[in-house]
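Reviewing the structure listed below.
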Amino acid sequence: MTFSPEPDNRIPVIVLSGFLGSGKTTLLNQLLNHAPRSAVVINEFGATPVDQQLLRQHNVPLSVLSGGCLCCQVHGALTPLLKNLRMAWQAQAEKPFDRVLIETSGIATPEPILDTLLRERWLASRYRLDGLIVTVSAAAGEDALNRYPEAQAQIVWADTLIITHTDLAEDRQIDSLTARLDQLAPAAAKLHAVHGAIDPDTLLTFQKQHRYRLISDPPIPEHRFGSTTLQFDQPVSWPRLQAALENLMMRHADRLLRLKGVVYTTEHRRPVCVQGSAGRLFPPALLPARTSEDGRGRLVFITDGEIKVLLESVTAAL
């Protein structure tokens, strides 16, 4: 008598991590273009979530955990969220998604997230952790590794490393970063991406290394990072805002780690996506308009410590 293996009904999970400004959301957009039947869980450090605005062209089940990191403040919220997501999936005859993509905040360490997926018995029997993808900026990644242990932890746990912003870096920077990554994560696959462009099939296929370990009592990290939100109730002048943000990022390049948000301007009919990191303000991108929007612009600043003049300098320039 032969026995056929029972079908694996667990939902695949892919965790997407990477330090602030390394291109996680850009890469997530690329993955969703290729694999639209995905549920997405986004973790944002700031109290005002904006990343879901950057995914507005995708009609996918989307959950947002804001106000802290999945590795510390909102760690306990992940289990009930995934339980509810699984029960909603199971209740439908025609399954609404094929996988779950979890995007962590840029300062989250992966260990507690992996521990939740592997050690929580209810989740482990219904979800299958396929792998951890980590983005690292060729232009700013080595500096982040030198300054922040969170960036190192993300690299060490990676199954696949995506080196982004290669078009913004010199060859010597890329070579130096690659050598550092080989030291921290010798077994991880290393791929290059420009503007998030990469073969999605490669990302969604992992070598089964089974190298995750279970940790009994994950330590709670103490972050020194801060988050500030600036809201605009009326459309603003884009040239003035652009100049103010460029000046701010240049003056506080070491402490202003990440800038992101959506604003409404007097020059554009559609909302404008604003992003910056590592002292650089990236070119703006127009987003699809939605009738349900409130017309308020929001910018989130993530800093190393507190920059008291942050809001005053931007509002004064406008």
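One table, with the values for the structure above:
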{"item": "Geometric extent, Cα atoms of region 238-304 - Rg, Dmax (angstrom)", "result": "12.3, 38"}
{"item": "J(HN,Hα) series, region 128-137, from Karplus relation 6.51 cos²θ - 1.76 cosθ + 1.60, nearest Hz, glycine and proline x", "result": "10, 6, 7, x, 10, 9, 10, 8, 9, 6"}
{"item": "R0 of 41 Å, Cβ-Cβ distance Val194-Met87: FRET efficiency to nearest 0.05", "result": "0.55"}
{"item": "Equivalent ellipsoid semi-axes - Cα gyration tensor, region 99-142, angstrom", "result": "26, 11, 8"}
{"item": "Rg [Å, one decimal], Dmax [Å, integer] - region 139-205, C-alpha atoms", "result": "11.7, 33"}
{"item": "For region 163-202, convex hull volume per residue from C-alpha positions, Å³", "result": "59 Å³"}
{"item": "Ranking by accessible area, most exposed first, for Met87, Met249 with a 1.4 Å probe", "result": "Met87, Met249"}
{"item": "Centroid-to-centroid separation of region 159-208 and region 237-276 [C-alpha atoms, Å]", "result": "28 Å"}
{"item": "Extension reserve of the Phe282-Ser313 stretch, reckoned as 0.36 nm per residue once the Cα distance is removed", "result": "9.2 nm"}
{"item": "Dimensionless Rg/Rh of region 88-182 - Kirkwood Rh, Rg from C-alpha atoms", "result": "1.09"}
{"item": "FRET efficiency estimate (nearest 0.05) - Cβ-Cβ, Arg270 to Ala243, R0 30 angstrom", "result": "0.90"}
{"item": "Theoretical gain in end-to-end length, Arg251 to Val156 [0.36 nm per residue, Cα-Cα removed]", "result": "31.0 nm"}
{"item": "Full-extension gain in nm, Arg10 to Ala179, via 0.36 nm per residue minus C-alpha separation", "result": "57.2 nm"}
{"item": "Charge sum, other residues only, whose C-beta stays under 11 Å from Leu82's C-beta, Lys/Arg counted +1 and Asp/Glu -1", "result": "+2"}
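The values are calculated or read from the model by the stated rules, or taken from the named source; none is laboratory data. Not measured: the values here are computed from a predicted model. Because the Cβ atoms are built from the backbone with ideal geometry, glycine has one as well, and the counts that use them run over all protein chains shown. Side chains included, ligands, DNA and RNA excluded: accessible areas come from the protein's heavy atoms. Shrake-Rupley method; radii C 1.70, N 1.55, O 1.52, S 1.80 Å.
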